[in-house]
Amino acid sequence: MGGHDVKTLGWPTDNPLRVAINLGNSALAREDCDGQLRGIAVDLAFALGDWLGSSIRLVIFPSAGAVMKAVDEDESDVAFLAIDPARADRVAYTRPYLLIEGVFAVREASPMRDVGDVDRPRVRIASAAGAAYHSHLTLALQHAELVTVPTPGDALRRLGEGACDVAAGVRQAVEDFANQCEGIRVLPSRFMAIEQAVATPLRMKFDVNLFDKFIREIINIGKLDDFLIKNEHDTSI
């Protein structure tokens, strides 16, 4: 796979492509105990660089909101993000390459047993600003109070401290937290499905179809499945 000249993008070949990585979504990227970055977004970033014949520089952010701030301030050129219509005036998306789940965590003693129990008066739900699921909850909730916090980790910490009744997040991160924090459980059903894609800032005037071709090719040759299996994801989209 390869042979696509980065000059097709109108990008100087001596400049690395700055790829934004969101560590707030552990389904996509995480830092291991040795400080090394791991995850499907990291693998895809390097595969994209090889495909374009370009060097890349990973730019790390703590949340999707921070990634979008970097997009606005010209601190990244490409990002791995959830498809969120609320961002469509700022970025263009490829086809999705991965589906992840938005879920709720509650304290063990909570009477809530399923997602249908959550949207009720006096229920406080902590959710990270800028996340695709936060945009969804902003529109979907009718009775519960949405408490906006800076990062997904902050939402989970607030739940652990008893400062909210529910924390929203992606399944992998929420389940990891529940496994490490006694007295926290995850409601079994998802409240939304979240499609993940490559996003390019509209200000860059990149042809998103080129990035979409990259995603299509790695799907067709089975490389995406290799990355998904390596990172312990379901291979279905």
Can you work out which of the residues in region 219-235 that are part of a helix (DSSP H, G or I) and touching an Asp or Glu at 6+ places or on another chain (Cβ under 9 Å) is surrounded by the fewest Cβ atoms within 10 Å (Cβ to Cβ)?
Lys230
Failed condition for Glu101, given (1) under 22 Å from Gln180 (Cα atoms); (2) surrounded by 21 or more Cβ atoms within 10 Å (Cβ to Cβ)
(2)
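Condition check ((1) surrounded by 15 or more Cβ atoms within 10 Å (Cβ to Cβ); (2) in the same structural domain as Asn220 (by TED's automatic domain parsing); (3) of a type in the set (Val, Ile, Thr)) across all residues:
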| position | (1), (2), (3) |
| --- | --- |
| Arg113 | no, no, no |
| Val123 | yes, no, yes |
| Val147 | yes, no, yes |
| Gln172 | yes, no, no |
Near pairs, Cβ below 8 angstrom, 6+ apart or cross-chain, from region 196-224 (over 27 Å from Gly102 (Cα atoms) and touching a residue at least 12 places away in the same chain (Cβ under 8 Å)) to any residue that is acidic (Asp, Glu) and buried (at least 21 other Cβ atoms within 10 Å of the Cβ)
Met204/Asp77; Phe206/Asp77
Considering only residues that are farther than 19 Å from Ala163 by Cβ, without any contact (Cβ under 8 Å) to a residue 24 or more places away in the chain and assigned to a loop (DSSP other than H, G, I, E, B), which ones fall in region 124-146?
Gln142
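Got a number for residues in region 194-207 being buried (at least 20 other Cβ atoms within 10 Å of the Cβ) and of a type in the set (A, V, I, L, M, F, W, C)?
Looking only at region 194-207, we keep the residues that are buried (at least 20 other Cβ atoms within 10 Å of the Cβ), and these are 194, 196-201.
With the extra rule that they be of a type in the set (A, V, I, L, M, F, W, C), the set shrinks to 194, 197-199.
Of the residues in that region, 4 qualify.
The values are calculated or read from the model by the stated rules, or taken from the named source; none is laboratory data. Being a predicted model, the structure only gives us computed values, none of them experimental. Neighbour counts run over all protein chains shown; Cβ positions are idealised from the backbone, glycine included.
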